[in-house]
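The values are calculated or read from the model by the stated rules, or taken from the named source; none is laboratory data. Predicted, not measured: the structure shown is a model, and the values here were computed from it. FYI the Cβ positions are ideal-geometry reconstructions off the backbone, even for glycines, and counts take in every protein chain you see. Ligands, DNA and RNA are stripped out before the accessible areas are found, and what is left, the full protein with its side chains, is counted by its heavy atoms. Shrake-Rupley method; radii C 1.70, N 1.55, O 1.52, S 1.80 Å.
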Amino acid sequence: MEKQVKTSDKGSRLAVISSHLVTPQIPMAAASEKEAALAAVPSDSPTIFDKIINKEIPSKVVFEDDKVLAFRDINPQAPTHILIIPKVRDGLTGLSKAEERHTEILGQLLYTAKLIAKQEGLDDGFRIVINDGPNGCQSVYHLHVHLLGGRQLNWPPG
């Protein structure tokens, strides 16, 4: 809810500005991501990422080879926010479901993140995030790596 403040009322303006600085605000995107994660149900059904891989849903692809697809996130949390996914899910709905047979693709995802970071000019650093399960805020049950950069990131994360 946005408060209206008269420009002549400096005390009230300061109070409003201070309240935004002192009180932690949950961004709308974060709230909806949490809701989506809590509502998501793991399954073997095709995900939105399968539809992107099959070109049924458009995306802004930044990298593609025979094993990996990377595209810009539609709800970026940083100036550079790219999702990196395996083209074949192979039961890898989340990191907690990884088995020894997945080690090659897991390494490929991280190496691809490094290549894309260089391609995107993230020479000053970047962050890799893998959300896993409802408490990890995973909303799509197709393993994916978030590559975030282009600004100073904070610690600890959310």
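Kindly write out, for segment 113-120 in residue order, the coupling ³J(HN,Hα) from the Karplus curve 6.51 cos²θ - 1.76 cosθ + 1.60 (θ = phi - 60°), rounded to whole Hz, with x marking Gly and Pro.
With the stated coefficients, segment 113-120 comes to 4, 4, 4, 5, 4, 5, 4, 7 Hz.
In the full protein assembly as shown, how much of V129 is accessible to a 1.4 Å probe, in Å² to the nearest 10?
My reading of the accessible area for V129 is about 40 Å².
³J(HN,Hα) across segment 137-150 via Karplus (A = 6.51, B = -1.76, C = 1.60, θ = phi - 60°), whole Hz, x for Gly/Pro?
Computed from phi, the couplings for segment 137-150 are 6, 7, 10, 10, 8, 8, 2, 8, 10, 8, 10, 10, x, x Hz.
When only Cα pairs under 8 Å and 6 or more residues apart are kept, what is the percent relative contact order across segment 34-149? Before the final figure, lay out each step's value.
Numbers: 177 pairs, mean separation 41.7, N = 116.
Dividing the mean separation by the residue count of segment 34-149 yields 36 percent.
Return a single number: how many Lys pairs in segment 49-126, at a sequence separation of 8 or more or on separate chains, have alpha-carbon atoms below 24 angstrom apart.
Step by step, the pairs that qualify in segment 49-126 add up to 17.
From the square roots a ≥ b ≥ c of the eigenvalues of the alpha-carbon gyration tensor of segment 34-90, which class results: rounded (a/c under 1.5), prolate (a/b over b/c), or oblate?
Numbers: a/c = 1.92, a/b = 1.09, b/c = 1.77.
Oblate.
Please list, in chain and number order, the residues 5+ apart from F63 or on another chain whose amide H is under 5 Å from its amide H, with Hs placed from the backbone.
Here A70 satisfy the definition.
Going toward the positive end of the dipole of segment 34-149, with +1 on Lys and Arg Cβ and -1 on Asp and Glu Cβ, which of A78, P46, N135 do you reach last?
After comparing all options, I get A78.
Would you please give the residues with an amide H less than 5 Å from that of G94, counting only those at least 5 places away or on a separate chain, with H modeled from the backbone geometry?
Amide H neighbours of G94: L143.
Below 15 angstrom from the Cβ of T93, what's the summed charge of the other residues (Lys, Arg +1; Asp, Glu -1)? Before the final figure, lay out each step's value.
Details: positive: K87, R89, K97, R101; negative: D44, D50, D90, E99, D132.
Net local charge, T93 excluded: -1.
If ligands, DNA and RNA are left out, what is the accessible area of E104 with a 1.4 Å probe, given in Å² to the nearest 10?
Roughly 120 Å² of E104 is accessible to a 1.4 Å probe.
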